Amino acid sequence: MRERIVELKGKLKKAFSNYFSNNLLFLTYVILGVLIGFFLRLNTVGDIWSFKPFLCDLTVVIIIGSFGYLIKPKNQVIYYFSILIFYTFLGVVNSIYYMFYSSFVYVNLIGTLSMLGEVSDSVTSRLELYHFIYVLAPIIFLLVYNFVLKRKPKSITSGKKMFFKTLISGDIVIAIVIVTLSGTEISRFVKQWNREYIVQRFGIYTYTFNDVIQSLEPKVNTMFGYDEAARTYREFYLSLVRDTSDNKYTDIFKGKNVIFIHAESIQNFLIDLEVNGIEITPNLNKLAKEGLYFSNFYPQISVGTSSDTEFTLTTGLMPSSSGTVFLNYYDRTYEALPSLFNDLGYYTFSMHGNNGDYWNRKTMYQSLGYQHFYAEDSYEFSNDKTQDDYVGLGLSDKSFFKQSIQKLLEIKKNHENYMGTIITLSNHSPFNDLEKYPQLDFSITFNKTLDEVDENGNNIVEEVTVPYLENTSMGNYLKSAHYADEALGEFFDMIMENNLDEDTVFIIYGDHEAKLGKSQFNLLYNYDPNTDSVKDETDPTYIPMGTYEYELLKNTPFIIWTSDKSLSGEITDVMGMYDVLPTVANMFGFEANYALGNDIFSNNEKIVIFPNGNFLTNKVFYNNLKDEYVLLSNEPIESDYIEKYKQYTEARLDVSKALITHDLIEKVGNVFDENSN
């Protein structure tokens, strides 16, 4: 028996030895392909020890690699090298993309590539060496081939037999993965609205393959899935129960004009922020104190950033998980703020000093119901970037506001009622137009006690100046925001001078976060001038800046202001962008049937859901990727609290996707009449 075991071990050792020596090219390709997936997870989601994504990456790499055996040995190196170049491309692009959006690249993103030229500085200014570590894979592959495999022709095998054996091996690994999947994993894989989750659980290659399949959805939605989508739509809205009773804000603005001010990249932490005694946003602070200020207001953007904000604010629906609504679903029927105000006899318009085709606004605005779009070609400004009317990406906010006043006066003259959106631009990343921003000094000067002593034995005290926020992303952002705030202040001065505040409500909101890294907030809140560095977490004065603290800092200000200051105060309930439409509808006296949010002043749920499945209430912040939550108050939660709101979130993401993808408002029609029968 012992001899047989020894003999078997010898045969296995010889078999493995022969396999490795005859398949070194293939194995080199496999190892490098799997390492690319490993390093991408390391640089993004951070979970590198899970075995399932490793198996998934291995499976894809093996199956794709198996076709190399059908190629002549002398040409296999070209095949494997080409595939590794593609894997490298996935690694580099997704690593950079994740830095900005905490998500992964998708096929439908190709439609947005034409817009990258305007924000290319935002990308290049934040590139790090680790974004390009994947380039080492094809380089190593060529080195191994040239210095090892090229001299050993037998190390490169081909033939149908090896192809089938390798393909079957990959299939076996697939089977192992499939039988270990949970119902939750299958559901999230199919829906793919949490891309982080897919990459963390299934690896980048499986995610990419799934995304290619998902990308076909907009093109085939009329052929597949309509019946299921229509059923989801009907069941959701027919069973939806809302508190529609009047509250003290019902009809309070009925018949008044309304102007929305879409403040580019203005985050809520700027409110009342002072650095070196400098008030960063004094005008915004003043508006917040004089009006209704919602201090826990959160955008619900996906990869469409500003366009997602516009879509969710005007329709109360969620952004698309497949492409962006403005680019991929612009030809649908929506119940949106402009169209609802049109029904009331209002003139509706939007103003933006940027190219009208950017984010496909010119076309999408027609679907939302805007009657007129004053885009870049409606304004005068120099193309010389050194001029004062050019700040950041284009027309400066100050020039934009000044010229918009004349347009508003013309609108007031010709229309009894109007609703408009004014979109700012200057505070767009990368916040590097430093010569145009106010010259704020963020360095710190203080008296530092040195270890040295003078002739009297006293420690020497020296005046020291340290840079603090100078030449940092955070410092540049604060200077940019200060400029944007100055422009906003000048705008309201002109509003008052021209009596444009009469019978008009102003709603100011930050459209999304500024995409500043966690390290920049650590620098802002935990800087130690004595060491000219960030404090250690063991320091008793250290302000926590973990994952959840960072996520909760992504809120933006939302302010409802009137010149008579009839409404004022702070609303601390959590509020999402999808709550704006029903809240405004209640105040202006009309209904919003399809909005997924709620009137913030009603007795409905106070919850903000996010496109990736996260959600926020007054009590908890839930992270869908990690399936964990953090308590935000001392108030205990019920045992089924998290599960209840997970279902709440998923139901709204599902119905929003169904409604948008299949154009259900147009094709199914009004289901609310059915509800009343």
* To do: Scan region 170-177 and give yes if some residue there is closer than 23 Å to Ser95 by Cα, without any contact (Cβ under 8 Å) to a residue 40 or more places away in the chain, outside the structural domain of Pro319 (by TED's automatic domain parsing) and not acidic (Asp, Glu), otherwise no.
  => no
* Structure fact -> Inside region 229-268, the number of residues satisfying the requirement of being over 20 Å from Ile600 (Cβ atoms), touching a residue at least 12 places away in the same chain (Cβ under 8 Å) and either surrounded by fewer than 18 Cβ atoms within 10 Å (Cβ to Cβ) or more than 31 Å from the chain's Cα centre (by Cα) (or both) is 5
* Structure fact -> Output for Cβ contacts, cut-off 6 Å, separation at least six or different chains, first residue closer than 30 Å to Tyr346 by Cα in region 421-450, second at pLDDT below 90, reads Leu425/Leu393; Leu425/Gly394; Ser426/Val391; Ser426/Gly392
* Specify the residue that is nearest to the chain's Cα centre (by Cα); the eligible residues are those in region 351-368 that are crowded, with 20+ Cβ neighbours inside 10 Å and part of a loop (DSSP other than H, G, I, E, B). => Asn354
* Checking Leu616 against (1) at pLDDT below 95; (2) hydrophobic (A, V, I, L, M, F, W, C); (3) out of contact with any Lys or Arg (no Cβ under 7 Å at 6 or more places or on another chain), which test does it fail? -> (1)
* Do we have any residue at all in region 523-536 that's under 29 Å from the mean Cα position of the chain (by Cα), surrounded by 15 or more Cβ atoms within 10 Å (Cβ to Cβ) and within 29 Å of Ser307 (Cβ to Cβ)? -> yes
* To do: Inspect region 640-657 for any residue being farther than 22 Å from Gln300 by Cα and either surrounded by fewer than 22 Cβ atoms within 10 Å (Cβ to Cβ) or of a type in the set (Phe, Trp, Tyr) (or both) and give the result as yes or no.
  => yes
* Asked: Take the residues of region 295-325 that are over 14 Å from Gly576 (Cα atoms) and outside any loop (DSSP other than H, G, I, E, B): which is nearest to the chain's Cα centre (by Cα)?
  -> Thr305
* Restricting attention to region 369-407, and to residues there that are among the β-branched types (Val, Ile, Thr) and not in a loop (DSSP other than H, G, I, E, B), which single residue is surrounded by the most Cβ atoms within 10 Å (Cβ to Cβ)? -> Val391
* To do: Run Gly489 past the list (1) farther than 17 Å from Ser426 by Cβ; (2) in contact (Cβ under 8 Å) with a residue 24 or more places away in the chain and report the number of the one that doesn't hold.
  => (1)
* Those residues of region 551-589 which are closer than 15 Å to Asn257 by Cα and surrounded by 16 or more Cβ atoms within 10 Å (Cβ to Cβ), in sequence order -> Ile560, Trp561, Thr562, Ser563, Val584, Ala585, Asn586, Met587, Phe588
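The values are calculated or read from the model by the stated rules, or taken from the named source; none is laboratory data. Quick caveat, the model's predicted, so the values are computed rather than measured. Heads up, the Cβs are rebuilt from the backbone with ideal geometry, glycines too, and the neighbour counts pull from every protein chain shown.
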